[in-house]
Amino acid sequence: MTLGETSLAELRQEIDAIDDSLHDLLMRRGDVQAHVGRAKSGDGVYIRPGREALVLRRLMARHQGSFPKPALVRIWREIFAAGLSLQGDFSVAVPTAGNGAMKTLAVDHFGALTPTLELADAGEVLAAVRRGDAAVGVLPMPQPGEAEPWWRRLARDPGAPPIIARLPFAAPASRAGDAEALAVGAAPAEDTGNDRSFLALEATGEATDADVSTAVTDAGFEPVAWQTAPADNGGGRLHLLETPGVVVPGDNRLETLAGTPAVADARALGSYAVPLTAAELA
Ligand SMILES: C=C(O[C@@H]1C=C(C(=O)O)C=C[C@H]1O)C(=O)O
C-alpha cells in the first residue's frame, strides 16, 4: 500500500467518525425541535423567523476555518425546516407570476422538502395564508411605481397576515439572482436587536408628501426607505415606510401619527430580521 492510499483511507475513517457525530447531534436536535413545538402556544404557527436569524448570526460570528459560510446557512435552513415539519403542518404559498424567483427563494429559505403551493398571484397567496392553507406566503419585495402593490391589501385588511421575514437571508447562497422577497405569516414578532418594520400610512386628501414626512418625523420615526401607491378607494395616497426596530400594532407613535391632520390611518404591517451582510458571510 502506498503512503497516498494509506492517508486517504485514514482521512475517510476520520470523516466517517465526524459523520457519526454530526448524525448523532442532528438526531438529538430533531428531538429537541419537536419538544419546542409542544412548548409553543397551540395556534398552529410554529415558525419563528427572528429566532432563526439569531441562530444564524450567532453561528456566523463563531465560524472559523474553510467551510464556506453560505453553505452553512443553506444547511441550517434545511435544519430549521426539518424541525418545523416535526412541530406541525408547515407549508409555503408562492405566486407563479414572474420568472419562478419566488419559488426558488421559498425553497431555499423554507426547505426543499416543505410542501409548496403555487398560486396565480399575490392576492391568492395572501388569501391562502389568511385561511391557514399555508403557514407562510412568499411575495416579491415591493417596488416603487407598482400599479397594484400587494402591500396595499395588508394596509387595508387588519386580518391580513403580517410580514415576518425578508429573503434571501444570505444573498451569496441565493439561486434567485438579485430577486428579493418578503414572507408573510401569523408568527409573533420577535425582536432580534437588528430588525426593520414596515408601516403603511394613508394620507388625508389634502396632505402633501412633505406634510406626511413631517408628521412621520414628529411622531418619532426615522424611515430608511419610503414608497407610495395611488389612492384606491377614494381615500388619500398610501405610503409604505421601512423603519428600524420592531413596530407592533398599538405602538404609541402610530396613534400619534393617525391623530395628525396629514395622516388618516397608520398601521404596522410587520417586521423582519435584517439579513446577513456580505461582510458577515465572508
Ligand atoms: C425550534 C424552534 O422552532 C423553529 C425551528 C428553529 C430551529 O430549528 O432552531 C428555530 C425557530 C423556529 O422557526 C424554536 O422556536 O426555537
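The values are calculated or read from the model by the stated rules, or taken from the named source; none is laboratory data. Because the structure is a prediction, the values reported are computed rather than measured. Because the Cβ atoms are built from the backbone with ideal geometry, glycine has one as well, and the counts that use them run over all protein chains shown. In case anyone asks, the SASA skips ligands and DNA or RNA and just uses the protein heavy atoms, side chains included. Shrake-Rupley method; radii C 1.70, N 1.55, O 1.52, S 1.80 Å.
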Residues of the range 238-258 classified as under 15 Å from A215 (Cα atoms), open to solvent by 30 Å² or more (accessible area, probe 1.4 Å) and in contact (Cβ under 8 Å) with a residue 24 or more places away in the chain, total: 2
Scope the range 92-118; condition of a type outside the set (F, W, Y) and within 14 Å of the ligand (Cβ to nearest atom); matching residues: V92, H109, G111, T114
Condition broken by D24, with the remaining ones in (1) over 24 Å from S174 (Cα atoms); (2) charged (D, E, K, R); (3) within 13 Å of the ligand (Cβ to nearest atom) satisfied: (3)
Condition check for E206: in contact with a helix residue (DSSP H, G or I) (Cβ under 9 Å, 6 or more places away or on another chain) and more than 22 Å from P49 (Cβ to Cβ): no
Odd one out for V184 among (1) surrounded by fewer than 17 Cβ atoms within 10 Å (Cβ to Cβ); (2) out of contact with any Asp or Glu (no Cβ under 9 Å at 6 or more places or on another chain); (3) within 24 Å of S91 (Cα to Cα): (1)
Residue satisfying all of: in the range 60-74; surrounded by 14 or more Cβ atoms within 10 Å (Cβ to Cβ) and within 16 Å of the ligand (Cβ to nearest atom); farthest from E118 (Cα to Cα) among these: M60
Subset of the range 36-47 [within 12 Å of the ligand (Cβ to nearest atom) and either open to solvent by 30 Å² or more (accessible area, probe 1.4 Å) or more than 15 Å from A135 (Cβ to Cβ) (or both)]: V36, R38, A39, K40, S41, Y46
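Here is a yes/no grid of residues against (1) hydroxyl-bearing (S, T, Y); (2) farther than 30 Å from Q87 by Cβ; (3) part of a loop (DSSP other than H, G, I, E, B):
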{"site": "V125", "(1), (2), (3)": "no, no, no"}
{"site": "A147", "(1), (2), (3)": "no, yes, yes"}
{"site": "G159", "(1), (2), (3)": "no, no, yes"}
{"site": "D178", "(1), (2), (3)": "no, yes, yes"}
{"site": "E206", "(1), (2), (3)": "no, yes, yes"}
{"site": "D211", "(1), (2), (3)": "no, yes, no"}
{"site": "F221", "(1), (2), (3)": "no, yes, yes"}
{"site": "W226", "(1), (2), (3)": "no, yes, no"}
{"site": "L240", "(1), (2), (3)": "no, yes, no"}
Residue within the range 213-229 that is surrounded by fewer than 22 Cβ atoms within 10 Å (Cβ to Cβ), of a type in the set (D, E), at pLDDT below 95 and at negative phi present: no
